[in-house]
Every structure is written in C-alpha cells, then in structure tokens.
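The next block holds one structure in the form of structure tokens; read it before the comments.
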Amino acid sequence: MQAESILQHHSSVYSIVTEQILRQLESGVAPWHRPWTTEIPQNLVSRRAYRGINVFLLASNGYGSPYWLTYKQARERGGYVRKGEHGTRVVFWKIGTRETEDADGDTIERKSILLRYYTVFNAEQCDGIAVPDAVPVVNPIEECERIMRQMPNPPAMQQDGRAWYRPSTDTVGMPSRSAFNSAEEFYSTLFHELTHSTGHTKRVGRDGIEKLNTFGSEAYSKEELIAEMGAAMLCGVAGIERQTLSNSAAYLKSWIDVLKSDSHMVVSAASQAQKAADYIQGGAL
C-alpha cells in the first residue's frame, strides 16, 4: 500500500512538472546553456597555459579545476597524487642540435626536433596541495543520491569533458561534479543521461537508443525530449525542479522547434519518460 502511495505521489509530480514545462514552452524561454565550465588548463607551478593539442588532451577529462602538475611537482609542494589516480599525457617539442658530416666530410650542425611527452595530474586528483581560486565545493544532495542508488542494473560511469550516453558500451560520461555551477545542475544533467540509458534493451528499451539516428532527425529529437523530460521528472521528485526547470524547458524547446512545435510529441515523450523515471527509481514496469 505504501509503495502504491509513493508511485501515485511520483505520478502527480510528473504531471505537475510536465504542465510547467508545457507552459514555459508556450511562453518561450532563453536558449539552453551547458551547465558546466571548462577553463583553459594551465600548469599550477609555472602558471603557463597549455597550448595546441594539450588543451584538448587535458580539457577532455572534465575536471573542474584548470590546474595541472606533474607527480614531482605535487611532492615538491608538500602534497601527493592519490593512490589509483591515472595521469594524462601532454606532449611538447624538444628542439636541439646534432652534428653530422656533409658529403665533403665537414662537420655541420643540424637542428633536431623531437616529440616528447610527460604525465600530469589535475589538482583534483591530489591531496595536500594549495591552489589559487579554489574550485567551488558542489556538495551531494541526499535525495538525488537516493534516487541514483535505487536504479537497478545501472550503466557504467566514466568521467569526461562532455555529458553523454554510449549504448555500445552501456556507459554514461559526465564532467566532474566540481565542473558544474551547482549541485542541482549536476544532477539534472546526470538524470538526463541516465534516462537515455534506460532505452537499452537490458532496461526499458527504446528505438531511439538501440538504433543510431542522425542528429536532428525526428527519432533523435524525440529521444532527447524523453531524456530531458525524464530528468525534469526526477528533479521534481528530488525537489530541485525550481533550480533546473527553466533550463529543461529551454532545452526541450530547441528540440520541439526541430519537430515543428508539435506539442503532442511532448505528451508522447512524457509517457515514455515516466516509464524511464519509474525504472530509475526501482519501480516495476
């Protein structure tokens, strides 16, 4: 009886959130923005910004701190790299000279350019190291954590510079929690990707996930609607929808525009999003 009451409560929350989203879609909203930031990476000791391919190599890890340093630099600053952490390789060109002989046997100097690499760690992978402009602490929200713990057969998690779900490996990629502007935006983004993951055949199963679709196609757009509706519903259950709803509505509108403002698609997507949200909370299908 209690379980039935909980499901009824969640269903009413879903309806309220759906109505709010539809109202905001009708009134128009600001363009959706990515709720995490990635500053240009730089070495903590020299304060020099990394350049070229190194920017992509480091930023793609999704850490909130822009500061990086070598294992030796961490020890020299009185700290250490935590056990089990994996470093990231950065490359540099080592320019020097070498002596060779020409056809006449005379010694000449030639410039040598060699590509080298070394390993660095993000400040978030270290302890005991003081960093300027400390990364804001984004504390966990217990109700959101509870929802995540309830998900049966969850996908694998991987840190990355972007948020995504990859069906082929059943993996969710997420930036570091500290890379987000707030805890609410972190969980809203995570709920979006977890909703995508329910489309796998080992869970609810949806064509939009199992079959690869072209970006911007109707099937792709509908799957994005489902994922964001599911995220909004879970945010409603967790009580953080006030901080995340406007972003969700704006994001949904971008896909509604692709579907020529077909509001009926939102209602259809909401039904599938509810199944996804119920699954994530451990509910029977």
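Structural remarks
- Filtered residues of the range 29-82 (kept if surrounded by 20 or more Cβ atoms within 10 Å (Cβ to Cβ), part of a helix (DSSP H, G or I) and at pLDDT 90 or above): Ala74
- Subset tally (residues that are modelled with pLDDT under 80 and not aromatic (Phe, Trp, Tyr)) for the range 223-254: 13
- Candidates Phe121, Phe186, Phe191, Phe180 - the one that is surrounded by 12 or more Cβ atoms within 10 Å (Cβ to Cβ) and in the same structural domain as Arg75 (by TED's automatic domain parsing): Phe121
- Matching option when the condition is modelled with pLDDT under 90 and touching a Lys or Arg at 6+ places or on another chain (Cβ under 7 Å), among Gly208, Gly199: Gly208
So that you can scan it fast, the table gives a plain yes or no per residue for (1) over 17 Å from the mean Cα position of the chain (by Cα); (2) assigned to a strand (DSSP E or B):
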{"position": "Cys144", "(1), (2)": "no, no"}
{"position": "Ile147", "(1), (2)": "yes, no"}
{"position": "Asn153", "(1), (2)": "yes, no"}
{"position": "Met157", "(1), (2)": "no, yes"}
{"position": "Thr169", "(1), (2)": "no, no"}
{"position": "Val172", "(1), (2)": "no, yes"}
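- Here is the figure for the range 168-182: residues that are at pLDDT 90 or above and either touching a His at 6+ places or on another chain (Cβ under 8 Å) or hydrophobic (A, V, I, L, M, F, W, C) (or both) total 3.
- Of all residues in the range 83-117 being among the aromatic types (Phe, Trp, Tyr) and exposed (fewer than 13 other Cβ atoms within 10 Å of the Cβ), the one that is modelled with the highest pLDDT: Tyr117
The values are calculated or read from the model by the stated rules, or taken from the named source; none is laboratory data. From a predicted model like this one, the values you see are computed outputs, not experimental measurements. Don't worry about glycine lacking a Cβ; one is built from the backbone with ideal geometry, like all the others, and counts go over all protein chains shown.
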